[in-house]
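The values are calculated or read from the model by the stated rules, or taken from the named source; none is laboratory data. Note that this is a predicted model, so its numbers are computed, not measured. A quick note on method: Cβ atoms are made from the backbone with ideal geometry, for glycine too, and the neighbour counts reach across all protein chains shown.
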Amino acid sequence: MAEAPDISEVGALIDTALETNVDGLTALRAAASTDPLRRALRDAAALLNDLKGRLVITGVGKSGHIGRKLAATFASTGTPSYFIHGAEASHGDLGVIQPDDAVLMLTWSGATQELSDLVAYTRRFDVPLIMMTGNGDGKLAKTADICLTLPKVREACPHNLAPTTSTLLQLAIGDALAVTLLQLKGFSESSFYKFHPGGKLGAALTGIRDIMVTEDALPLVNDDTSIDGVVDMLTAKSLGIVGVCAADGTLAGVITDGDIRRYLGSNSDLSMRVAMHETFAPAIMTKDPITLSPDILSARALNTLQTRRISAAFVVEDQRPIGVVTTLMLLQAGAG
C-alpha cells in the first residue's frame with residue numbers, strides 16, 4: 001500500500017485536482033468548437049427545440065446522478081424533462097416514454113449493460129435517442145440518432161478511476177444545451193418565475209408591482225409646492241424621495257433628502273422665509289429622473305438602483321407615477 005500524503009500536502013492535492021478539471025473543461029471547449037461534437041450539439045438542440053413531448057434523461061451510477069440534475073435544469077428552463085434510472089427502466093418504467101418524447105442517455109463508457117433494454121425500446125418505437133458519452137465507438141453509442149462524444153480526459157482521481165472530471169464534462173455540456181434551448185424558446189425572466197415561485201429565486205423574480213408603495217402612500221407634490229411643503233412630504237412618507245408632478249399629472253422631477261441638505265447648505269445666506277417658503281420644488285428637483293417600469297422584476301429593479309447609486313425610484317406608467325420602490329424594500333423582499 002502506498003504511503004498516504006501528509007496533511008500539509010492538502011493544498012497541493014486540491015490544486016492538482018482542480019487543474020485536472022480545468023484541463024478537462026479546456027479540452028471540452030475545444031471539442032465543442034469543431035465537428036463532430038459541434039454538429040451533434042446543433043442537431044440535438046434542433047431536435048429538442050422542436051420536441052412535442054418530454055425529454056427523458058437516463059443513466060446509471062455517477063452518470064445517473066448527473067442525469068437527475070440535468071433533468072431538473074431542463075425542466076426549470078422551459079424543456080419538460082424527467083429522469084428514469086437506467087436499471088429501473090427494464091422493470092416497468094419504460095411505459096412512461098411516449099412516441100413524442102426523446103431520450104438523452106448518459107454513459108461515459110458507451111457500453112453500460114444496464115441501458116441496453118432502454119436503447120432497444122427507443123429503437124423499436126422510433127423514439128429519438130441522444131447519447132452523451134466519452135466513447136463514440138461504444139456498442140450503445142453506435143445505436144444513437146445523435147451522439148455527443150465528449151473528449152477522453154484524465155479523471156481528477158489520482159488513480160484515474162473514480163468518475164470526477166468526466167462527470168464534470170457531462171454536467172457542463174448538459175447545462176450548455178439547456179441554456180441554449182432556454183434562449184431558442186424565448187424563455188424569459190418572467191418565465192422563470194412560473195417555475196420558481198418560492199425561495200430566494202422566486203423573490204428575485206417577483207414583479208415590482210407586488211412590492212412598490214402605491215396610491216395614498218405615494219410622496220407626491222405639485223410643481224407649485226414650496227420647499228417647506230416638500231420637507232413636510234418627505235417627513236410624512238419617510239421614503240427619502242418626493243415626486244414633483246406637472247399640471248397634467250406627469251412626473252416632472254424628484255427631490256431627495258440629499259437634495260434638501262445640499263440646497264440648504266449652499267444657500268445658508270438666505271433668510272428662512274426665502275429659503276423655505278418662497279422657493280419652489282422645480283428650483284431644486286432633478287429633472288428627467290431615473291424611473292422604473294411596473295413590469296420589470298425586483299432583481300432588475302435592485303440592480304438599477306444599485307448601479308445608479310440611488311436609494312429610491314418612482315415607478316411610472318405613461319409618464320405618470322404609480323408607485324415607489326426603495327433599495328430597502330427590495331432587499332427586504334429578498335431581491336438581493
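In segment 114-125, the residues that are free of Cβ contacts under 8 Å to residues at least 40 places away in the same chain form Cβ pairs under 6 Å with partners that are part of a helix (DSSP H, G or I) and among the β-branched types (Val, Ile, Thr), at six or more places apart or across chains, as follows: Val119/Thr143. Check off (1) over 23 Å from Glu19 (Cα atoms); (2) in contact (Cβ under 8 Å) with a residue 60 or more places away in the chain; (3) part of a helix (DSSP H, G or I); (4) not small (Gly, Ala, Ser) for Leu94 and give me the number that stays unchecked. It is condition (2) that Leu94 fails. If you check Ala172, Ala120, Ala156, Ala178 for being in a helix (DSSP H, G or I) and more than 17 Å from Leu70 (Cβ to Cβ), only one passes: Ala120.
Quick check on Val103: is it free of Cβ contacts under 8 Å to residues at least 24 places away in the same chain and of a type in the set (A, V, I, L, M)? No: the conditions fail for Val103.
When Gly253, Gly249 are screened for being touching a helix residue (DSSP H, G or I) at 6+ places or on another chain (Cβ under 8 Å) and either of a type outside the set (A, V, I, L, M, F, W, C) or under 30 Å from Gly334 (Cβ atoms) (or both), only Gly253 passes. Could you check how many residues of segment 123-149 are touching a strand residue (DSSP E or B) at 6+ places or on another chain (Cβ under 8 Å), within 19 Å of Ile84 (Cβ to Cβ) and part of a loop (DSSP other than H, G, I, E, B)? Residues flagged as touching a strand residue (DSSP E or B) at 6+ places or on another chain (Cβ under 8 Å), within 19 Å of Ile84 (Cβ to Cβ) and part of a loop (DSSP other than H, G, I, E, B) within segment 123-149 amount to 5.
The rows are residues; the columns are (1) under 27 Å from Asp137 (Cα atoms); (2) not in a strand (DSSP E or B).
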position	(1), (2)
Leu48	yes, yes
Thr58	yes, no
Ser63	yes, yes
Ala72	no, yes
Gly78	no, yes
Phe83	yes, no
Gln98	no, yes
Trp108	yes, yes
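Evaluated against (1) in a helix (DSSP H, G or I); (2) buried (at least 16 other Cβ atoms within 10 Å of the Cβ); (3) among the aliphatic types (A, V, I, L, M), Val316 falls short on exactly one condition, (1).
Against the test of being small (Gly, Ala, Ser) and at pLDDT below 90, the options Ala4, Ala40 yield a single qualifying residue, Ala4.
Within segment 146-189, the set of residues being more than 30 Å from Arg123 (Cβ to Cβ), more than 20 Å from the chain's Cα centre (by Cα) and surrounded by fewer than 18 Cβ atoms within 10 Å (Cβ to Cβ) comprises Arg154, Cys157, Pro158, His159, Asn160, Leu161, Ala162.
Listed here are the residues, each with its yes/no results for (1) at pLDDT 90 or above; (2) more than 30 Å from Ile296 (Cβ to Cβ); (3) outside the structural domain of Leu55 (by TED's automatic domain parsing).
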site	(1), (2), (3)
Gln113	no, yes, no
Arg154	yes, yes, no
Cys157	yes, yes, no
Gln183	no, no, no
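Might you let me know whether segment 66-73 holds any residue that is surrounded by fewer than 18 Cβ atoms within 10 Å (Cβ to Cβ), assigned by TED's automatic domain parsing to the domain that holds Asn135, within 20 Å of Leu168 (Cα to Cα) and without any contact (Cβ under 8 Å) to a residue 12 or more places away in the chain? Yes, the conditions are met somewhere in segment 66-73.
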